[in-house]
Amino acid sequence: MNLIIYTLRSLSYVITEPSLMIVLVLLGVLFYGKNRKIVTMQKIIIGDNVNSALELTLSQIVLGIFAGVFASIILTNLGVIFSENSGIELMFVISIVLAFVKPRYICFSYSGAILGIISLIFTYFNITTSRGTHLFDLDITMLMTFVGVSHFVEGILVMFDGSRGYVPVFSNKNGKIIGGYALRRYWIVPIAIFVAYSSLSIGTAGTESISTPDWWPILGYDSVIKLIETSILTLSPLIGMIGYSSVSFTRRKKAKSLSSGIFICVYGILLTLVAQVAKLGIAGEILVIIFAPLGHEAMLLLQRKLEDRRKPLFVSDEEGVAVLDVVPYSTAYNLGLREGDKIALVNGVEINSEADIYTIAKENFNSLEFEVIDRKKNKKNIKFRYENNTRLGFVLVPKFVDMKRVVSFEGDKFSKVLDNIKKNKK
C-alpha cells in the first residue's frame, strides 16, 4: 500500500475519531457565526445575499479538506518528519490563538517562527524533563518546509475561493470616493504528518504503522535517515486553520484573489527552498526562522505597494456613477448591468447615488430608462418598470458622501460597525 493511500486513511480519522470530530464541528460553528455576519453585511450594503452563510461555511470545510489532502500528500512524499517530542501540534494551537489577536496572524509563518524560537531556546539551555527527555526537539528544516508547503496550498485555496464572502467597501483618495472589496476567508485544513516514535504507541487514535518505498524520503539528509532507522513512523492527523484577508480598490474581486494566491504560492515555494539552509547549523536555523515572518510581511508589503501604484477601478466621475457590484440573477443583473459599468443618466437626469434612482422612479410612476456606459465604453439604454419595495441588486459608488454617515471599519468590533450601519440606514 503506497503513501497516498496511507495518507488518505490517516486523514479519515478526522471524521471518525470523536475528539477530532468535535474540533471540526466547533470550528464549523465558529465559521458559520462569522459567515452570518458577512451575509448580514452584504444584505445591508448590497440589498441581497450573494451567498448564504451555510454555503460559505460548507465551502470552507470541503475545500479545506481537499487542500489538506493535497498538502498531506506533498509532505509525506517529501518525507517531512517530526519527532514525538517536537511539540509540532503546538503550532496549530498558537495559530488559532493568534487569529483572535489579529486575523492575519493565523498564518503558520508566524506560529511556526514562534515555535522555532521556543525550540532553539530549549535546545540551547538543554531543558529536559525529569526523565531526561528533550522538549520541543524540533528539526527547523522540517518545520519550515511544512510551513512553506502549507502556504503553497493556501495560495491555491485563495486563487479558487478567496473572493467568496466579499463585502463592498469605500474609501477616499485624492478627494474622490472609490469603491472596492474587502476579502476575508478561513478554511479548516486537516493535515496528516509523519511522527517518529521510539516505540509503537499501541491504541493511539488516528495513527498507523507504515512502510515506505525505497526512493523515500526526498528530503533524505543524514539526521532524517538516522531518525527513520531508529524510529517507528506513523501518520497522525491534525486540524489547522488557514486564513486570507485583503482589500482592493484597483482589481475586481476574482482578479485580486488570483493575484494574492499567486504571491502566496511563490512565498511558499521560496520558504520551502530557504528552509533547507537550516541544515547548515544554528546560524542557518536562525536565518530561516527570521525569514519566515519577515518574508511574509515583505510579500504583503509588496502587494500593498503594487495596489497603491495602480489606478482605482471603481470611481464615479463626469461619465457617470460607477457600478461596484451586481448581485447574480438580480433585477439589475437580468437587465444587463455588470460591475464596472457606469450609469450616465436615469430618465435623462444625472444621479449621484442609488437613492437618487428610487426618487426618480417615484416621480415617473416607476418607469425608468438607464443610459449606461460599459467597461468597453459602449453605450446602451435599459428600460424597465420598477416595482415598489424591490431592490435592484447593485451597489453604486456615490459621487459625494455625507461625512456624518461614514462608518469606519478600523478598530471597531463587527457588532459596533453593524449597529452604526443600521443607524445610518434609517
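Only one of the listed residues (L271, L235) is in contact (Cβ under 8 Å) with a residue 40 or more places away in the chain, touching a helix residue (DSSP H, G or I) at 6+ places or on another chain (Cβ under 7 Å) and closer than 16 Å to L300 by Cα. That residue is L271.
Restricting attention to segment 323-366, which residues are surrounded by fewer than 18 Cβ atoms within 10 Å (Cβ to Cβ) and either assigned by TED's automatic domain parsing to the domain that holds F170 or touching a helix residue (DSSP H, G or I) at 6+ places or on another chain (Cβ under 8 Å) (or both)? Once the filter is applied, which keeps residues that are surrounded by fewer than 18 Cβ atoms within 10 Å (Cβ to Cβ) and either assigned by TED's automatic domain parsing to the domain that holds F170 or touching a helix residue (DSSP H, G or I) at 6+ places or on another chain (Cβ under 8 Å) (or both), segment 323-366 yields N347, V349. Look at segment 249-263: where a residue is aliphatic (A, V, I, L, M) and a partner is at pLDDT 95 or above, sitting 6+ places away or on another chain with Cβ atoms under 6 Å, you get L258/M159.
Residue pairs whose Cβ atoms lie under 7 Å apart, separated by 6 or more positions or on different chains, with the first residue in segment 140-168 and over 27 Å from K34 (Cα atoms) and the second charged (D, E, K, R), are I140/E285; T141/K279. Any residue that is among the polar types (S, T, N, Q), surrounded by fewer than 16 Cβ atoms within 10 Å (Cβ to Cβ) and modelled with pLDDT under 90 - is there at least one of those in segment 92-112? For segment 92-112, residues among the polar types (S, T, N, Q), surrounded by fewer than 16 Cβ atoms within 10 Å (Cβ to Cβ) and modelled with pLDDT under 90: absent. Would a scan of segment 36-44 turn up a residue that is in contact with a Lys or Arg (Cβ under 9 Å, 6 or more places away or on another chain), modelled with pLDDT under 90 and crowded, with 17+ Cβ neighbours inside 10 Å? No: segment 36-44 contains no residue that is in contact with a Lys or Arg (Cβ under 9 Å, 6 or more places away or on another chain), modelled with pLDDT under 90 and crowded, with 17+ Cβ neighbours inside 10 Å. Counting only helices (runs of 4 or more DSSP H) that fall entirely inside segment 282-374 and contain at least 3 residues that are in contact with a strand residue (DSSP E or B) (Cβ under 8 Å, 6 or more places away or on another chain) and over 30 Å from S109 (Cα atoms), the qualifying elements are 331-335, 354-363. Looking at V349, is it at pLDDT 85 or above and within 36 Å of the chain's Cα centre (by Cα)? Considered against the rule, which asks whether it is at pLDDT 85 or above and within 36 Å of the chain's Cα centre (by Cα), V349 comes out as no. I'd like to check something: does segment 56-77 contain any residue that is crowded, with 17+ Cβ neighbours inside 10 Å and outside any helix (DSSP H, G or I)? No; the residues of segment 56-77 include none that is crowded, with 17+ Cβ neighbours inside 10 Å and outside any helix (DSSP H, G or I). Here L302 meets each of (1) surrounded by 15 or more Cβ atoms within 10 Å (Cβ to Cβ); (2) closer than 30 Å to A113 by Cβ with one exception, condition (1). The set of residues in segment 46-55 being outside any loop (DSSP other than H, G, I, E, B) and surrounded by fewer than 17 Cβ atoms within 10 Å (Cβ to Cβ) consists of L54, E55.
The values are calculated or read from the model by the stated rules, or taken from the named source; none is laboratory data. All values reported here derive from a predicted model rather than from experimental measurement. All Cβ positions, glycine included, derive from the backbone under ideal geometry; neighbour counts span all protein chains shown.
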